[in-house]
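Beneath this line is the structure, given in structure tokens, with notes to follow.
What follows draws every value from the coordinates through simple rules; no lab data is involved. Keep in mind the model is a prediction, meaning the values are calculated, not measured. Positions of Cβ are generated from backbone atoms using ideal geometry, with glycine treated the same way; all protein chains shown enter the neighbour counts.
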Amino acid sequence: MADSAKPEAHAPNPDIDSYAHESELEAHLQTKSMVINMGPSHPATHGTVRLKVELDGETITKIDPEIGFLHRGFQKSCENVTWTQCLPYTDRLNYLSAMMNNFGFLNAVEKLIGLEIPERAQYIRVIGSELHRLTDHLTCVGATGLEMGGFAPFLYGMEARELIQDRVTELTGARLTTSFGRVGGINRDLPEGWIAKVHKTLTRTEELLVEMDGLLTRNRIFVDRTKDTGVITADDAIDYGWTGPALRACGVDYDIRKVRPYWVYERFDFDVPVGEHGDNYDRYLVRLEEMRQSIRILRQAMDTIPAGPIIVDDWRIALPPKPEVYGTIEGVMAHFKLVMEGIQVPPGEVYDSTEASNGELGWYLVSDGRGRPYKVHVRAPGFPVLAALPHIITGKMLPDLVPTFDTINMIGGEVEQ
Amino acid sequence: MSRILTMLVAMATIVVALAGGVATAYLVGGFVEAHGFTGASRLTNIVFLMLVFVMIIATLLTLAERKWSAFMQDRVGPNRARLGIPGLKNRSLGGIPHIITDVLKMLTKEDFIPGMANRFLFNLGPLLAFAPVFALFAVVPAGPTVTVLGQKVDMVVATPDFGILYLFAIASLAVYGTALAGWSSNNKFALLGGVRASAQMISYEVALGLSLVGLFLTFSSVQLPALVGDVANALSPATGQGQYLWSTQVFGLDIGIPAWGFIIQPLGFIGFFVASFAETKRAPFDVPEGESEIIGYFVEYSGMKFGMFMISEFVEVVVLAGVTTALFFGGHNLPIFGEALANNAFMQEHGWVYGTILGTVFWLKVLFLIWVQLVIRWTFPRFRYDQIQSLGWKILLPVGLVNVFVTAALVLWDPSLRALGVVGILEIAVFVALTLSKKENSEAGAHGDAHGHDHGHAAPAGAHADPHPSAAGAH
């Protein structure tokens, strides 16, 4: 506590210098800065991160984010299992948008193999990703409102999220840990009548977005709290390695879906909202607009999705159909080899990234050709964002920390892996 | 549909219960005056007003707040607790059993005192927070003075000469409880909360006092019964807020625009409402609690001590509504038909019926203002600590000062208060216009084109639109 205060050389420190007390009556009142621990268990720290905050009154003089409370050894775990078995681990990275992690990982593996997946599978991946982008942004915007005392926007967001998660459950069988998709495509086609249901859900989500928008966007208190707080310049943001909505809020038009389109994103008509000031308000607005754009993408994708296979017809990569497994020796052998030995990914390394809800979700994969990953590294979008927090918030007030921490939307699971 | 029916039934029940309570209060008051000693009705008033009305409303508020917030947020609200009585076992009863479970929970929880806390002050904190707000209601008149059983009975606990100054004095004591609770817990979060609370409450007392000066000038009194006033009758002209600014007779009934505080003193009303809202420490002024930042000044309290803080908050809500009603909403006076009712022969003969009607009117107004507070509480996010200070010192204080001078000049120029009424109605029109224009702007701005979406950052209305966000919600 005292060592970080760094008193000037001539000023006696009452804690360590005994002579300080001799002139106590003449001396000014000694002040000490206060160190408080926000987290690891604190209402404003999503997941479990600990912020060691040093306060001078209400002003933050120093802040030290401490991560690791959710560390699960993701990278090491992946080295011990087959490529397909990595999939459930990726669910737990950003648990708010598990499908994006699933698909990002699969995309990287497919790139390493050099595989083109069927068109319908690409559409389903877009649909799944955008659904989960919605849930992620809804949570972020809702929590921003909640932690500034506005409970209603949060519950509106939660209602929309629940509806979407119901659809996700129908699609994947799980609410959070979807483990959806397989190398080479998708393991399960869209359920019957699902698209109509999603259209309905999206209509309701749009209504709820209008409500959230009405409660927050022009709310004087909300604007005062968020505008010009948590500001970061575009240059600093790039230096820190920011991506995603937080970077776009600074005015940098960088969205991997547009810059380097993957899957079938270039077929859809959507805008990338770009902010200007890089403050909390812009990050909030960018997220709000991205949700509307996600809904646009979803509607287009669901209207134009083609029929066809959902996974490649290659028994070295995808499991053979069950009649083949039970009926033919080739089927049994392919099934056995895939399950026991895993997909034989050729040796090599690859970096591939997709636009996840919070930014560029990058995968650096190394394969030695033995059916298991040699190395899996994730470039989690939340990590650089959290790393810049001290830069943003030092010298600002403690109440500014809360909206800033909300709008950068750091997710414990992916930061700590 | 069933929800609407439930609400209608609940409203009817509330009106009947209020009328019953007020009638009982008047009759018992008259009885003890007649058979006891002079002034005995004041003692029963303590029981009825402060224990029965304020406490019961505050207790029910704990449920009403949760139900209403649920209503606003597309939820059902508390409905799980059941009474284990045959016939009621499977009914949620609108969540009423939750009140009992809450009380039982509070009473039976461990009363934890942190090891390093100052035990005496730690125990004193909740009491100091609770007692002052409870005592505030003593000077608020909750009904007219009527003759019951041949005795004059009024519906107020005390009518000291210094009137509303008592309110200021006692209200400022509440800050000690909060500050002590924050300091004595020996917890850094609680300390921050206590410091924030003391700064906020002390600075808003200035605005609070100033916002009422205009009202004192208008009615030349600081006593609440005089401010509330009475309607004209055969013996005396109307006084206080019982008088009309403009009135006419239709079929022998009087209608018109009454001289209520919020009409002749809209600025004073907004200033008072905002400032007293800040004093209650509820959202959007809940930075001392600030649950997502610093958890609050009562973070170390558990059990009934925490319950005392909570219930004192709800009592504050009731008292604030009561005081605002008395000061700015005509107290127990009816907006129209007041004179016709007062001069009705039956009403003059049976004073307690007249008292019951007007007393019920008072409590309905109180309930309305409580509802307004709930809506504000669940609509707005929280201010930042320094923004609260600048709202208090840079906006409310100057506005209050201007209001004092303008009011004084207008009262001097036109003692009939009509000039004041015209200015007041104009001010209200301006507020309504500002509020409405803000809405249009938000619709135009929010659905802009995706790419330059953020360029309308400083919307024209945003800059000047509303220095009193919570008050704008009240209109």
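Observations on the model:
- In nm, spacing of pseudo-spin labels at residue A:204 and residue B:418 (7 Å Cα→C-beta vector): 5.8 nm
- Put a dot 7 Å past the Cα of residue B:88, heading toward its Cβ, do the same for residue B:368, and the two dots end up 3.2 nm apart.
- Spacing of the modelled spin labels on residue B:394 and residue B:436, each 7 Å from Cα toward Cβ, amounts to 3.0 nm.
- Exposure proxy ranking, count of Cβ atoms within 10 Å, fewest first, for A:212, B:11: B:11, A:212
- Couplings 3J(HN,Hα) of segment B:368-383, computed from phi: 4, 5, 4, 4, 4, 5, 5, 4, 4, 3, 9, 9, 9, x, 8, 5 Hz, in residue order, whole Hz [Karplus 6.51 cos²θ - 1.76 cosθ + 1.60, θ = phi - 60°; x for Gly and Pro].
- Angle of helix A:194-216 to the longest C-alpha principal axis of chain A, folded into 0 to 90 degrees and rounded to 10: 10°.
- Database remark: amide H of residue A:61 closer than 5 angstrom to the amide H of A:54, A:55, A:56, A:395 (H placed geometrically; neighbours at sequence offset of 5 or more, or on other chains; Pro and chain starts carry no H).
- Restraint check, A:111/A:337; A:32/B:305; B:67/B:105; B:67/B:365, Cα-Cα greater than 25 Å: A:32/B:305
- Exercise: per-residue mean of other protein chain Cβ atoms within 10 Å, A:34-44: 3
- Couplings 3J(HN,Hα) for segment B:16-32, derived from phi with the Karplus relation 6.51 cos²θ - 1.76 cosθ + 1.60 (θ = phi - 60°), are 4, 5, 4, 4, x, x, 5, 4, 4, 4, 5, 5, 5, x, x, 5, 6 Hz, where x marks Gly and Pro.
- FRET E, pair residue A:370, residue B:100, Förster distance 45 Å, beta-carbon r, rounded to 0.05: 0.10
- Computed from the Cβ-Cβ distance with R0 of 35 Å, the FRET efficiency linking residue A:337 to residue A:307 stands at 0.70.
- Prolate/oblate/rounded label for segment A:214-283 (Cα gyration tensor, a/c 1.5): oblate
- q = 0.14, 0.17, 0.20 Å⁻¹, segment B:39-135: log10 I(q)/I(0) [Debye, one scatterer per Cα]: -0.82, -1.00, -1.09
- Per-residue Cβ neighbour counts within 10 Å put A:228, B:286 in the sequence A:228, B:286, beginning with the fewest.
- Taken one residue at a time, the phi angles of segment A:397-413 give Karplus couplings (6.51, -1.76, 1.60, θ = phi - 60°) of 8, 4, x, 6, 4, 5, x, 5, 5, 6, 6, 6, 6, 7, 10, x, x Hz. Gly and Pro are set to x.
- Exposure proxy for B:185, A:33: other Cβ atoms within 10 Å of each Cβ, ordered fewest to most, give A:33, B:185.
- Within 10 Å of each Cβ in A:141-150, the average number of Cβ atoms from other chains: 5
- Over chain B, Cα pairs under 8 Å with separation of 6+ residues give a relative contact order of 19 percent.
- Inter-part distance where segment A:377-411 and segment A:231-268 are each reduced to a Cα centre, Å: 17 Å
- Gain upon complete extension [residue B:10, residue B:111; 0.36 nm per residue less C-alpha separation]: 32.8 nm
- Pairwise FRET efficiency - residue A:166 versus residue A:111, Cβ, R0 = 22 Å, nearest 0.05: 0.10
- Legend: mean number of C-beta atoms from other chains within 10 angstrom of residue C-beta atoms, peptide B:285-292, equals 4.
- Taking the convex hull of the alpha carbon positions in segment A:74-416 and averaging its projected area over all directions gives 16.6 nm².
- Cα-based helix-to-principal-axis angle, A:98-113 vs chain A, degrees rounded to 10: 60 degrees
- Protection proxy ranking for A:202-210, B:409-417, B:364-372, using the average of other Cβ atoms within 10 Å per residue and placing the highest first: B:364-372, A:202-210, B:409-417.
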